[in-house]
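The values are calculated or read from the model by the stated rules, or taken from the named source; none is laboratory data. Since the model is a prediction, treat every value here as computed from it, not as a measurement. Cβ atoms come from the backbone with ideal geometry, glycine included; neighbour counts cover every protein chain shown. What goes into the accessible areas is simple: the full protein's heavy atoms, side chains included, and nothing from ligands, DNA or RNA. Shrake-Rupley method; radii C 1.70, N 1.55, O 1.52, S 1.80 Å.
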Amino acid sequence: MRNNFANILASGSNLFEQSNGTLLYFNPKANVSYTISPVHRKTFNTLRMRVVLTVISLIFFYLLFQLNLFLSISLSAVIFIFLEYRYHSFLKKMPRTVGFPKKARATAVNEEIKVSKEGLILRLTLYCLLAILLVVNTFVPGAVHGHPALESVSYCLAVFALYMAYQYGRLLVHKEKKGKR
């Protein structure tokens, strides 16, 4: 059993974990399921965060390297296109089957996470507060204000904290829907 943090990063509505530890990603639009081995799981999780990585690169280009806004957005768009290409080429290399294999013992990754609703609310709130504090800290004179590298790191950590809050929010909604059934 993987730890909860790794499961939070791998959680999603179309992700299922088999009893042998492999991950199934089901694409309902194409009606194809991809089998992702434990060796490729970290790469898959990283490529799934391509939007977050693009926003982080935009922050780095604009604040740390002090490029103008148009150039920062252009370079971030190139990075997003590259990550999107890598994501789709990665999925093409994975074994796939048409439809969702019903016979596979697969449970949703969301079901594997053993955190109570109160714990999810607490984590969601704490990650949101962390993101707000990191952003506010960049405006306080004497803290990180005026240091482009520290400001960039603060903003990037704030983006990641918001991503984690989003993941916990999705899990909370999933648990609420499951509880109403």
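Computed with every protein chain present, the accessible area of Val173 is close to 80 Å² [probe 1.4 Å].
Taking a ≥ b ≥ c as the square roots of the eigenvalues of the Cα gyration tensor of segment 54-97, is the shape rounded (a/c under 1.5), prolate (a/b larger than b/c) or oblate? Note, shape of segment 54-97 comes out prolate. Annotation for Leu157 and Lys177: the two label points, set 7 Å from Cα along the Cα-Cβ direction, are 3.4 nm apart. Take the alpha-carbon centre of segment 127-181, take the same for segment 44-81, and report the distance between them in whole Å. Cα centroid of segment 127-181 versus Cα centroid of segment 44-81: 17 Å apart.
Per-residue 3J(HN,Hα) values for segment 58-66, derived from phi via the Karplus relation 6.51 cos²θ - 1.76 cosθ + 1.60 with θ = phi - 60°, read 4, 5, 4, 5, 6, 8, 6, 8, 6 Hz in sequence order (x marks Gly and Pro).
Quick one: go through segment 57-90 and flag any residue whose amide nitrogen is under 13 Å from the point 7 Å out along the Cα-to-Cβ line of Asn14. Answer for this model: 88. Using a 1.4 Å probe on the protein chains only, how many percent of the accessible area of segment 7-97 belongs to carbon and sulfur? Ligands and nucleic acids excluded, carbon and sulfur give 67 percent.
Working note: Karplus 6.51/-1.76/1.60 with θ = phi - 60° gives segment 123-137 the couplings 5, 4, 5, 5, 5, 5, 5, 4, 4, 5, 5, 5, 6, 5, 4 Hz, where Gly and Pro are set to x. At the listed q of 0.15, 0.19, 0.22 Å⁻¹, the Debye profile of segment 25-87, built from one uniform point per Cα, gives log10 I(q)/I(0) equal to -0.57, -0.75, -0.87.
Ordering Arg50, Arg170 from largest to smallest accessible area (1.4 angstrom probe), what's the sequence? Don't skip to the end; give the middle numbers.
On the way: Arg50 45, Arg170 80 Å².
Accessible-area ranking of Arg50, Arg170, largest first: Arg170, Arg50.
Take the Cβ atoms of Val98 and Leu126, set R0 to 41 Å, and the FRET efficiency comes out at 0.45.
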